[in-house]
1. What shape does chain B take by its C-alpha gyration tensor, where a ≥ b ≥ c are the square roots of the eigenvalues and a/c under 1.5 counts as rounded, a/b above b/c as prolate, and the rest as oblate?
2. Over the range A:53-189, average the accessible area per residue using a 1.4 Å probe and give it in Å², no decimals.
3. If each DSSP helix of 4+ residues adds -39,500 (n - 2.57) and the sum is divided by the residues in chain A, what number results at 222 nm, nearest 500 deg cm²/dmol?
4. Mind jotting down the distance between the C-alpha centroids of the range A:1-70 and the range B:130-194, whole Å?
5. Using a 7 Å offset from the Cα along the Cα-to-Cβ direction at both residue A:32 and residue B:119, what is the distance between the two label points in nm, to one decimal?
6. Efficiency by 1/(1 + (r/R0)^6): what FRET value for residue A:49 and residue B:39, r their Cβ-Cβ distance, R0 = 41 Å, to the nearest 0.05?
7. Give me the accessible area buried between chains B and A, both sides summed, with a 1.4 Å probe, in Å² rounded to the nearest 100.
8. For chain B, take the longest principal axis of its alpha carbons; what is the angle in degrees between that and the long axis of helix B:83-99, to the nearest 10 within 0 to 90?
There are 2 protein chains.
Amino acid sequence: MTPPLFDPEKPRDRLLSAAARLFHRQGFAATTVREIGAEVGILSGSLFHHVKSKEDMLFAVMERVISAMHDALRAELASASDPQTRLRALISVELRYLHGPAADATGVLFHEWRALSEARRAVLLDGRSAYFALWQQVLTDAQTAGLTTLDPTMLRQFLHGALAWTSFWYKPGGALDLEALTDQALTLVLPPLR
Amino acid sequence: MTPPLFDPEKPRDRLLSAAARLFHRQGFAATTVREIGAEVGILSGSLFHHVKSKEDMLFAVMERVISAMHDALRAELASASDPQTRLRALISVELRYLHGPAADATGVLFHEWRALSEARRAVLLDGRSAYFALWQQVLTDAQTAGLTTLDPTMLRQFLHGALAWTSFWYKPGGALDLEALTDQALTLVLPPLR
DNA sequence: GGAAAACAACCAAGCGCTTGCTTGTTTTTG
DNA sequence: CAAAAACAAGCAAGCGCTTGGTTGTTTTCC
């Protein structure tokens, strides 16, 4: 369906994928370039042939997820017209990235944001705002349609937080599958009429 | 009202308070013992007179918040009987710790959990479960009272995530005060009847 | 009740080790 | 046979933590 975030054919991508895995598992600061090298089967020095610095890897990983999530959400919204379906798309994309094949990279984006230098954070913020602009529009439409009474901006923050935090407790492969989790999150935002 | 988390009279507490501030701002791994020493005005070596290791400080900070939050919530629940008021107490305590005077320590508990060794995480988990047991009961009662239709465990995870994530975007002192934020969060869980 | 012992708090110095990264050379590969 | 990818070796800086010793304040005890 969608191409994988990192192409296993390309050496640099293999490196970034390994870095994402380790950054996610241990955190950026606690991961050494020697560990990253070992993960892909090369010595630490060789790694700088593909990348300028350790922070470069963090930046590249985040950049990759940001544009991939944006593309995925835009594609999904393009084929959804009614407010409720669009609302579900928001949640679905977020949860699929957080718990699907791109889980490591997405986790790094969410939890290692502060490890990035301020200058590079500013660069990424552009792409990130574009993604959240989509959210804002969908949530505003949902409010107009009477699906929710909360202020769209507030709802965006709360919903995004609730979903992001699933990375701490939700384990795929258990009794609750991703589809069911998506439904539950939708119920949180969109309580049944009574 | 409640005693501060760290007593400025006690040298060890001053140290832990400074550590919490730095751990929160830069992350545990990215903070050096030399920085912590400088923050309280002593040399890095002297710091080990009060504490056995750098990780000890992280542990002590988290331990302090955990029991303080538990005490605060228990006290608040003791004087609240109806389900909705109790629900509000849950949110209120969480947000007051996240954005009040104990913000640094609470942020450390929330965001540096993985930096702690597994053995010590297990120790803290006991106190943490006690806190969440209070949540569980309040949310179950709320469901019984017909205030919400979501499964209490699910709601607990979503709500806690939404609140925890406020530390990334909510800045106290702005247009939205803590009381108003609490109301908004309550509205998320408890949509107006219609 | 006053000397002796203990203690809390810190400094100055530095040890052993790890860190991110560089350099020069060799191997692999299209 | 060149370009890409890796190795081997190591540097400078910084890391957590230890050591031995100096203060000033309590506590102990005959």
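1. Verdict is prolate for chain B.
2. Details: 5470 Å² over 137 residues.
Result: 40 Å² of accessible area for each residue.
3. That comes out to -22000 deg cm²/dmol.
4. Cα centroid of the range B:130-194 versus Cα centroid of the range A:1-70: 37 Å apart.
5. 2.1 nm
6. About 0.55, to the nearest 0.05.
7. Its buried surface, counting both partners, is about 3100 Å².
8. 20 degrees
The values are calculated or read from the model by the stated rules, or taken from the named source; none is laboratory data. The shown structure was predicted, so the numbers you read here are calculated from the model rather than taken from an experiment. Cβ sites come from the backbone with ideal geometry, for glycine too, and all protein chains shown count toward neighbours. Quick note on the areas: whole protein, heavy atoms, side chains included, nothing else; ligands and nucleic acids left out. Shrake-Rupley method; radii C 1.70, N 1.55, O 1.52, S 1.80 Å.
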